[in-house]
Amino acid sequence: MARTLRTLAAFLAVLALPACQQLPESREAAAGRPIRSSAKLMQSAAAGGSALALGSPYGAAIVTDLVIGRDRPENLTGVDLANFEAIRPELARLFSATFRETLHREGYVRAALSEGSGADVVTIQPAAMRIAPGYNVGGVEGVATTELEIAVAVRDAGGRFLGWYAVQYSGGVRSAQPVSRNDVLRRAFADAGEQVAKAIARAR
């Protein structure tokens with residue numbers, strides 16, 4: 001927890017702890033695909049946090065791509081680390097695509113824009129604080145859980161900080177066959193975009 005709080009403080013430069021909120025499994029899991037996941041809100045809803053704003057979607061928002069910092073993911077060395085570096089931009093895009101889609105579907109925003117415009121809209125900036133990739137454990141056990149911690153900052157059109165969320169994501173691929181860590185991460189980041197968006201949308 002101390003490490004998480006230190007990392008959050010660092011992200012606030014570019015971007016009160018209640019009880020965690022456990023979310024249902026992702027749509028992918030519900031459809032029988034090989035991933036089971038959930039998200040826990042670690043930070044009270046702060047963005048748009050006045051009583052009048054609660055429950056009201058933003059008319060539109062610029063939702064930036066996920067920022068994956070230069071910190072080394074946990075338990076990755078050698079070839080695994082080099083492979084991660086090669087797909088870092090892809091992981092950011094996978095997360096961001098489902099994150100934007102889900103923010104819109106869940107009613108957090110009426111329109112999610114991928115880049116700047118002349119509109120007077122808020123900016124939503126997700127950033128990865130911690131990445132702990134799953135790994136193959138073999139047999140019926142499949143692949144161990146991937147854990148991500150994501151900070152989401154919200155700013156108004158003038159750049160004024162409105163608030164932030166911290167969400168802990170956990171997702172496990174179920175497969176009796178070998179699965180590369182890169183494939184595990186691809187599935188996890190795409191699924192995490194959905195789960196993290198649900199967490200902040202339901203907390204608003």
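For the reader, a short list of remarks on this structure follows.
- The ranking of LEU91, LEU148, LEU113 from fewest to most other beta carbons within 10 Å of each one's beta carbon is LEU113, LEU91, LEU148.
- Of ILE124, ILE68, the sequence from fewest to most neighbouring Cβ atoms within 10 angstrom is ILE68, ILE124.
- Label-to-label distance, nm, for residues given as ARG105 and ALA82 (7 Å Cα→Cβ offset): 3.8 nm
- Maximal additional length on extending the ASN182-ARG202 stretch stands at 4.2 nm, based on 0.36 nm per residue less the C-alpha distance.
- Between TYR135 and ASP71, the C-beta separation translates, for a Förster distance of 22 Å, into a calculated FRET efficiency of about 0.70.
- The packing ranking, built from the mean of other Cβ atoms within 10 Å per residue, places the peptides 155-165, 77-87 in the order 155-165, 77-87, highest first.
Bear in mind that the values in this text are calculations on the coordinates, not laboratory data. In this text, all values refer to a predicted model and were calculated from it rather than measured experimentally. When we count neighbours, we look across all protein chains shown, and the Cβ atoms used for this are built from the backbone with ideal geometry, even at glycine.
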